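The values are calculated or read from the model by the stated rules, or taken from the named source; none is laboratory data. Model, not experiment: these values are computed from the prediction. Cβ: placed from backbone, ideal geometry, glycine included. Neighbour counts: every protein chain shown.
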Amino acid sequence: MTFIPLSKSNNSIPLFSASVVAGFPSPADDYIEKGLSLDELLIPHPSSTYLVRAQGDSMKGCGIFNNDVLIVDRSLTAEHRDIVIAALDGELTCKFLDVVQQRLVSANPQFPPISIPESSDFVIEGVVSASIRFHKPCSRW
């Protein structure tokens, strides 16, 4: 994982009140509802939030792909089935937290669950609250 420094922006981006249809087009609505700060939307707790770049394919089943930027909030209490950044015996990983079976679970069936033995050094470094994916250039078309 690659950690990315967090810096605050005072920019506000226009937010249109109309939604964009990802199927058949509909008439456009030119009404701008308000300005939207991506900092306020994605980072409600800036002092306890950090960014990290995901590596690998183990979480692609839940929409986290290689090189996505993850927004991780340390102020959130990790709950069963949350996506967390965890350190297990000194190694960082991004996985679902399974508190029932005490393990970390990938979103890709090619990766087996990782047990969390009681004797291990296990620390949850934060809960993934959002991810950012870049779509340009997109090579699928």
Please work out which residue is nearest to Asp121 (Cα to Cα), limiting yourself to the stretch 82-95 and to residues that are without any contact (Cβ under 8 Å) to a residue 60 or more places away in the chain and touching an Asp or Glu at 6+ places or on another chain (Cβ under 7 Å). Asp89
Does any residue of the stretch 73-80 turn out to be at pLDDT 95 or above and farther than 26 Å from Leu42 by Cα? no
Exception for Arg81 within (1) assigned to a loop (DSSP other than H, G, I, E, B); (2) in contact with a Gly (Cβ under 7 Å, 6 or more places away or on another chain) falls at (2)
Determine the pairs where a residue that is farther than 9 Å from Asp57 by Cβ, located within the stretch 102-113, has a partner that is outside any loop (DSSP other than H, G, I, E, B) and among the acidic types (Asp, Glu) with Cβ atoms under 6 Å apart, the partner being 6 or more residues away or on another chain. Val105/Asp98
Does the stretch 107-125 contain any residue that is at pLDDT below 95 and among the acidic types (Asp, Glu)? yes
Residue selected from the stretch 114-139 under the condition more than 13 Å from Leu70 (Cα to Cα) and in contact (Cβ under 8 Å) with a residue 24 or more places away in the chain, by the criterion farthest from the chain's Cα centre (by Cα): Ser120
Return a yes/no flag: does the stretch 122-136 have any residue that is assigned to a loop (DSSP other than H, G, I, E, B), touching a Pro at 6+ places or on another chain (Cβ under 9 Å) and within 28 Å of Pro44 (Cβ to Cβ). no
Mind checking whether some residue in the stretch 68-81 is over 17 Å from Ser48 (Cα atoms) and either in contact with an Asp or Glu (Cβ under 6 Å, 6 or more places away or on another chain) or of a type in the set (Gly, Ala, Ser) (or both)? no
